[in-house]
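Quick notes on the structure that follows.
What follows draws every value from the coordinates through simple rules; no lab data is involved. Here the structure is a predicted model, which means the values were calculated and not measured. Don't worry about glycine lacking a Cβ; one is built from the backbone with ideal geometry, like all the others, and counts go over all protein chains shown.
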Amino acid sequence: MAKSNLTRRGLVRRGATAAAAGAAAFHVRGAHAAGKLSVGFWDHWVPGANDTLTALCKEWAAKEKVDIQIDYITSQGNKNLLTIAAEAQARSGHDILAFPTWYPADYARQLEPVDDIMAELIKKNGAVNRTVEYLGKANGKWVAVPSAPGSQMKPPCSRIDLMKQHAGIDVQAMYPAGGPPKADAWTWDAFLVAAEKCFKAGVPFGLPLGQTSDAVDWVGALFQSHRAQLVNSNGDIIVKSDAVRQVLEYAKRLVQWLPTDVFSWDDASNNRWIISGRGALIMNPPSSWAVAVRDAPQIGAQLWTHGMPAGPNGRYAPFLPYFWGIWNFSKNKSAAKSLIMALCQPEAIAKLVEGSRGYDLPSFANLTTLKTWGEIEPPKGTLYHYPNPHNHQIQSIAAAPCPPKIANQIYTQATMTKMIARVTTQGESIDKCLDWAQRELQGFKRA
Amino acid sequence: MASNAATAPDGATRPRSSLRKAAQRRSTIAFLMALPLILLIAALVVYPAGYAIHLSTLNKSMEEFVGFENFEYLFERETFWMVVWQSSIFAITAVVFKALIGFVVAHLVHNIPLKGQRKWRGMLLVPWVIPPAMSTLAWLWLFDSSYSAFNWIIEGLGGPRVPWLGETGWARFSVILVNVWYGAPFFMIMYLAALKSVPEQLYEAAEIDGAGWWQRMWFITLPMMRNIIAITVLFSTIVTFANFDIVRVLTAGGPIDTTHVFATYAFKLGIESSDIPLGAAVSLFMFPLLALAAIFILRDVNKRGNQG
């Protein structure tokens with residue numbers, strides 16, 4: 001019989017090492033040892049997309065022996081925001097919750113840091129863009145992980161036939177499927193000319209200018225592509241600038257070529273506009289295209305999603321990442337981290353993108369060329385440029401790069417679209433409008 | 001026969017006996033019977049109200065007590081004063097029209113022969129019994145300037161499209177119209193009940209004395225309905241000031257915040273902008289004013305009740 005070399009000190013050391021390794025691992029294995037996990041995901045617009053996510057979660061739960069409970073929480077009526085606020089107040093609820101754009105920063109104090117997950121994901125899936133970092137980090141630490149489900153861009157979705165016929169623009173040639181964009185001439189000035197031509201032809205661009213997200217997003221990109229900031233990254237108010245004046249002047253010219261009721265449009269109005277065949281262009285994720293394919297196939301087959309126009313400061317595209325955060329009062333953080341890791345693996349993300357018909361957008365650089373976007377139809381390649389595969393756009397969010405807590409106020413209170421409404425429908429002078437904006441922004445700096 | 005308590009030699013039985021006496025007192029029994037309701041009100045009204053007051057005294061990150069700073073901040077904001085102004089226009093205009101329409105319709109229904117009256121009462125109550133979020137959605141579609149029936153008819157008659165929800169004046173008109181449509185049946189049914197309780201003999205006597213329609217209305221109907229009018233107007237004013245769903249569904253406060261009322265503005269600040277203390281402060285702003293109005297109106301109603 002071989003003599004054992006295990007001494008008493010060695011046993012203690014090995015025991016300590018094993019315990020440390022167990023603690024460092026994301027989740028302890030064993031029959032039901034991993035306990036329960038409660039997850040609140042965003043309830044997807046695209047029919048069937050939730051099923052893919054549920055299947056992935058169940059597969060993970062069976063493998064890890066976790067009793068998982070999934071709730072899909074709608075963003076209709078801001079139900080998801082109410083849930084976030086209620087759980088944060090009660091310090092009880094789901095272990096993992098889906099957080100829209102600004103909310104990881106707002107609830108950073110109550111979220112578990114996820115630097116460990118992000119380091120591993122970035123290593124595997126590629127870097128994330130600076131908007132994701134801006135929204136997902138607080139005080140230098142990652143507080144949430146960007147999720148593919150719910151993350152979206154809002155680029156132009158144009159009618160191939162109407163743009164060619166009335167504006168003389170071949171959007172498929174400008175943004176060819178499978179190839180890099182040839183869009184140097186696609187600027188905000190060209191956009192204005194096209195808007196005028198389409199308006200005169202009776203098919204105006206459907207750009208909302210109300211106070212909802214779709215309106216704020218495209219207007220935010222317009223401001224950024226002109227280097228027009230309201231508040232800079234240090235939190236200084238810089239709204240009274242030539243760049244902001246230039247954007248307001250531009251908006252005055254553009255508004256005359258839009259439908260008269262765009263100031264009362266909500267996030268569904270632009271979808272209805274393109275699906276009803278009344279307009280030549282909107283700015284939206286592919287949900288409007290998906291509904292058109294279902295409800296008005298002849299229009300769906302003429303839609304092409306492509307890049308934003310460029311301005312003097314570059315080509316900015318509205319990008320809204322969704323996040324998965326783990327509450328710091330969660331009772332099963334290790335299982336929560338394990339599930340998020342599983343759902344962010346390239347294979348899982350490919351399934352999620354396919355399940356959402358290309359709507360979901362991973363935030364990682366290596367995952368913008370998945371086959372779904374290249375193959376989905378009609379027409380074939382319609383979504384090829386949706387995930388910005390050639391990096392020719394800067395993915396950003398309205399009001400960035402000012403500190404997120406101020407930016408959130410600018411975004412949710414739609415300061416930029418209100419400025420446009422003031423100088424157009426209200427007939428206010430630009431100087432007076434800037435005075436108003438200055439006072440509003442001063443209030444947003446409240447701690 | 002002497003009671004046990006009176007004959008008890010030691011003091012030990014005295015507390016038990018006085019406890020029994022207390023339990024047998026009418027006020028104690030009344031209190032015990034009311035206790036479930038008191039507990040319910042404490043849980044559902046006092047606690048949330050107290051918590052809202054507590055929230056309104058915290059800073060934005062809800063970490064520090066700041067006293068009345070949130071209110072001071074609001075008082076400096078022009079958007080807030082615009083909301084105060086709009087809420088007042090919204091509530092006062094809507095209540096006045098609801099009361100007037102309710103009053104007229106109640107009289108019309110009262111004069112319908114009893115046989116067919118029930119049918120009319122039922123039909124007129126329909127707007128009030130449909131959940132307002134649902135009925136407002138139907139109004140939203142009617143007001144849609146691109147596809148709605150209203151604009152389709154106006155265009156068919158050769159008129160221009162109306163930006164029902166896109167222009168301040170029209171948007172304010174639209175939210176008030178829907179509120180009046182929803183709330184007028186409540187006034188109608190309350191006034192109808194009041195009308196039915198006016199003794200017919202009073203009208204007969206007035207008619208013998210040669211009173212005309214206006215005199216009967218001024219000297220009999222209105223004084224007899226005074227209490228119900230006061231309570232209905234008070235109740236409706238409070239509810240209309242606190243309205244949320246109609247404005248939220250129709251305009252979400254737009255265009256340019258010109259249709260926000262307290263509740264929608266509080267939601268915008270508290271939930272959408274993640275500033276719960278400020279949202280709580282907005283929603284509490286009207287509380288003292290409405291409470292004061294309620295005290296005076298109810299005191300007046302009580303006084304008249306005692307006089308009667």
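Of note:
- Per-residue ellipticity at 222 nm computed for chain A from its helices equals -12500 deg cm²/dmol, with DSSP H segments shorter than 4 residues left out and the rest contributing -39,500 (n - 2.57).
- The ranking of B:Tyr265, B:Tyr203 by Cβ neighbour count inside 10 Å, starting from the fewest, reads B:Tyr203, B:Tyr265.
- Here the extension length gained between A:Asp295 and A:Asp116 equals 60.0 nm, from 0.36 nm per residue of separation less the Cα-Cα distance.
- Values of log10 I(q)/I(0), in the order q = 0.19, 0.23 Å⁻¹, for the range A:198-317 under a Debye, Cα-only, solvent-free model: -1.07, -1.38
- Partner shielding of A:407-414 amounts to 4, given as the average count of beta-carbon atoms from other chains within 10 Å of each residue beta-carbon.
- Label-point gap, in nm, between B:Phe244 and A:Lys58 - each point 7 angstrom along Cα→Cβ: 3.6
- Peptide B:269-279 is shielded by partner chain Cβ atoms: per residue, an average of 5 of them sit within 10 Å of its Cβ.
- Around the amide H of A:Gln395, modelled in the peptide plane, lie the amide H atoms of A:Ala317, all under 5 Å away and 5 or more residues distant in sequence or on another chain.
- Neighbour net charge for A:Gln256 - beta-carbon separation under 15 angstrom, K R +1, D E -1: +1
- Of the beta bridges in the protein assembly as shown, as assigned by DSSP with both residues counted there, near 65 percent are antiparallel.
- Nearest-0.05 FRET efficiency for B:Ile38 and B:Leu298, computed from C-beta distance (R0 25 Å): 0.80
- Other residues within the sphere of radius under 15 Å centred on the Cβ of A:Gly210, judged by their own Cβ, net out at -3 (K and R +1, D and E -1).
- Taking a straight Cα-Cα cut-off under 17 Å and skipping sequence neighbours fewer than 8 places away in the same chain, the lysines within cross-link reach of B:Lys115 are B:Lys196.
- Gyration tensor (alpha-carbon) shape descriptor, the range A:57-192, a/c threshold 1.5: prolate
- Nonlocal amide H pairs with A:Gly126, under 5 Å, H built at 1.01 Å: A:Asn366
- For A:Ala138, residues with placed amide H under 5 Å, excluding near neighbours: A:Val143
- When the listed pairs A:Lys380/A:Lys405; A:Lys79/A:Lys418; A:Lys405/A:Lys432 are checked against a 31 Å cut-off, the alpha-carbon distance exceeds it for A:Lys380/A:Lys405.
- For the protein assembly as shown: rounded, prolate or oblate by the Cα gyration tensor [a/c cutoff 1.5]: oblate
- For B:Phe143, B:Phe244, order by how many other beta-carbon atoms lie within 10 Å, fewest first: B:Phe244, B:Phe143
- Relative contact order, whole percent, for chain B stands at 25, derived from Cα pairs under 8 Å and 6 or more residues apart.
- Whole-number percent relative contact order across chain A, with pairs defined as alpha carbons under 8 Å at least 6 apart: 25
- Net charge, A:Ala49 excluded, C-beta distance under 12 Å - Lys, Arg +1, Asp, Glu -1: -2
- Each part reduced to its alpha carbon centroid, the range A:213-227 and the range B:145-212 end up 42 Å apart.
- Here A:Val255, B:Val45, B:Val247 are placed in order of increasing Cβ neighbour count within 10 Å, fewest first, which gives B:Val45, A:Val255, B:Val247.
- Remark: spin-label model distance A:Glu375-B:Ala149 equals 4.7 nm, labels positioned 7 Å along the Cα→Cβ axis.
- Per residue of chain B, the DSSP helices (runs of n ≥ 4 H) give a summed -39500 (n - 2.57) that works out to -23000 deg cm²/dmol at 222 nm.
- Using all pairs of distinct alpha-carbon atoms, the Kirkwood hydrodynamic radius of the range B:72-307 works out to 20.0 angstrom.
- Rounded to the nearest 0.05, the FRET efficiency derived from the C-beta distance between A:Gln345 and A:His390 at R0 = 22 Å is 0.35.
- Relative to the current alpha-carbon distance between B:Phe68 and B:Ile29, full extension at 0.36 nm per residue lengthens the span by 9.8 nm.
- When the P(r) is computed for chain A, the part past 33 Å accounts for 38% of the Cα-Cα pairs.
- Partners of A:Lys124 within straight-line reach, counting lysines whose Cα lies under 18 Å from its Cα and excluding those fewer than 8 residues away in the same chain: A:Lys337, A:Lys351.
- The range A:129-191: relative contact order as a whole-number percent, Cα under 8 Å and 6+ apart: 13
- Applying 1/(1 + (r/R0)^6) with R0 = 25 Å to the Cβ-Cβ distance of A:Lys200 and A:Ala268 gives a FRET efficiency near 0.40.
- Here the Karplus curve 6.51 cos²θ - 1.76 cosθ + 1.60, taken at θ = phi - 60°, turns the phi angles of the range B:287-300 into couplings of 3, x, 5, 5, 4, 5, 4, 4, 4, 5, 5, 5, 5, 5 Hz, with x standing for Gly and Pro.
- Using alpha-carbon coordinates, inclination of helix A:242-255 to the longest axis of chain A, degrees: 70
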